[in-house]
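First the structure, in the form of structure tokens, and then the observations on it.
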Amino acid sequence: MVCNLKGRHFLTLADFTREEIETFLETAKDLKLKAKRGEFPPILSGKSLAMIFEKPSTRTRVSFEVAMYQLGGYALYLSKSDLQLGRGETIADTARVLSRYVDCIMARVYSHSTVEELAKYSSVPVINGLSDKYHPTQVLGDLLTVWEKKGKFEGLKLVYVGDGANNMAHSLLYGATIMGMDITICSPQGYHPDKDVLEKAREFAKRSGSKVEIITDPKEGVKGADIIYTDVWVSMGQESEKEARMKIFQPYRVDTALVSMAKEDAIVMHCLPAHRGEEITDDVMDGPRSVVFDEAENRLHAHKAILALVVI
Ligand code: CP
Ligand code: NVA
């Protein structure tokens, strides 16, 4: 089934049904295939994307910008200090004004409420390019990667090792449970997912027939894993907690010993940037199970799909 997604905001995967996510994935797969053949349909000709960044970015910035370019459109990079937002213009007024110029707004923000506010006052679709709570564009690219590598979602077990309360853990909880994958979050006490996210993920899991498990022991967690996923121990905006986090998360490093406890054909994923030697060792990151650079590439194809489907 192909769903109509024109005009929709992309703030969290929880706003989409399984069929809608499948539509994004099918479109991404098709655009990827075309790109590999050197075909770049100019379907966004004359369209513009404003990209607001409160935090740094390599993948999100470059892949959205290239996605717009390859689809015939134009992207503007706007750091907070480039905008009057940095001098006190409200988020609401910024959204109202940008909506008069561009066809879509993508924003990377500290507080999730900022993208919600942008969406509330924008008359064009708003895409969450990472907030403190969610990172949905990353997980869409990750779902594309899982689909390519494993050919399915149902019956797979994804094990996330690390900070269970961060944006990646939250978005993976939604992405997995909506698509019917089992998900285990292995994180220390005090770093388990937010209650509201967990409740919603459990509802999705009930609907799709998948399982959600929250545990503290990574060795126990990775047993039977098809996918091991990790992310940095200190997310952007948490720098003041660095010292405490570096101690607490030591047992949560994804190394060869941990990976050997998963299924023989398990893949290792990381949204990147990686802090090599902290949450993931060099040998795992550069080893045969790692698909981290395929994931990074798939951001480009997934972003093209989002833009192609939501921009009016
Ligand atoms: N994974 C990700 O969002 O990377 P950037 O911070 O480089 O955009
Ligand atoms: N959890 C990380 C993801 C980076 C893509 C962060 O927010 O910094």
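The values are calculated or read from the model by the stated rules, or taken from the named source; none is laboratory data. Being a predicted model, the structure only gives us computed values, none of them experimental. Every residue, glycine among them, receives a Cβ derived from its backbone with ideal geometry; neighbour counts consider all protein chains shown.
The numbered conditions (1) away from ligand 2 (no atom under 16 Å from the Cβ); (2) over 22 Å from K223 (Cα atoms); (3) part of a helix (DSSP H, G or I) are all true for A176 except (2). Scanning region 290-312 for residues that are at pLDDT below 95 and part of a strand (DSSP E or B) turns up nothing.
Within the set D103, D132, the sole residue that is surrounded by 14 or more Cβ atoms within 10 Å (Cβ to Cβ) and either over 30 Å from F293 (Cβ atoms) or away from ligand 2 (no atom under 16 Å from the Cβ) (or both) turns out to be D103. Filtered by the rule that a residue be under 20 Å from F10 (Cα atoms) and assigned to a helix (DSSP H, G or I), region 31-68 gives L31, R59, T60, R61, V62, S63, F64, E65, V66, A67, M68. For region 1-47, residues that are of a type outside the set (A, V, I, L, M, F, W, C), surrounded by 14 or more Cβ atoms within 10 Å (Cβ to Cβ) and over 22 Å from the mean Cα position of the chain (by Cα) total 3. Listed by position, the strands (runs of 3 or more DSSP E) contained in region 181-289 that have at least 2 residues being under 30 Å from E54 (Cβ atoms) are 182-186, 227-230, 267-270. Out of everything in region 55-98 that is without any contact (Cβ under 8 Å) to a residue 60 or more places away in the chain and of a type in the set (V, I, T), what residue ends up being farthest from G141 (Cα to Cα)? So, considering only residues that are without any contact (Cβ under 8 Å) to a residue 60 or more places away in the chain and of a type in the set (V, I, T), the one farthest from G141 (Cα to Cα) is T90.
Based on this model, can you work out whether S210 counts as more than 16 Å from ligand 1 (Cβ to nearest atom) and under 24 Å from P273 (Cα atoms)? Against the criterion (more than 16 Å from ligand 1 (Cβ to nearest atom) and under 24 Å from P273 (Cα atoms)), S210 does not qualify. Regarding region 113-131, can at least one residue be identified that is within 14 Å of ligand 1 (Cβ to nearest atom), assigned to a helix (DSSP H, G or I) and in contact (Cβ under 8 Å) with a residue 24 or more places away in the chain? The answer is no; no qualifying residue exists.
Taken together, the residues in region 241-277 that are farther than 16 Å from Y160 by Cβ, within 16 Å of ligand 1 (Cβ to nearest atom) and either free of Cβ contacts under 8 Å to residues at least 60 places away in the same chain or surrounded by 19 or more Cβ atoms within 10 Å (Cβ to Cβ) (or both) amount to 2.
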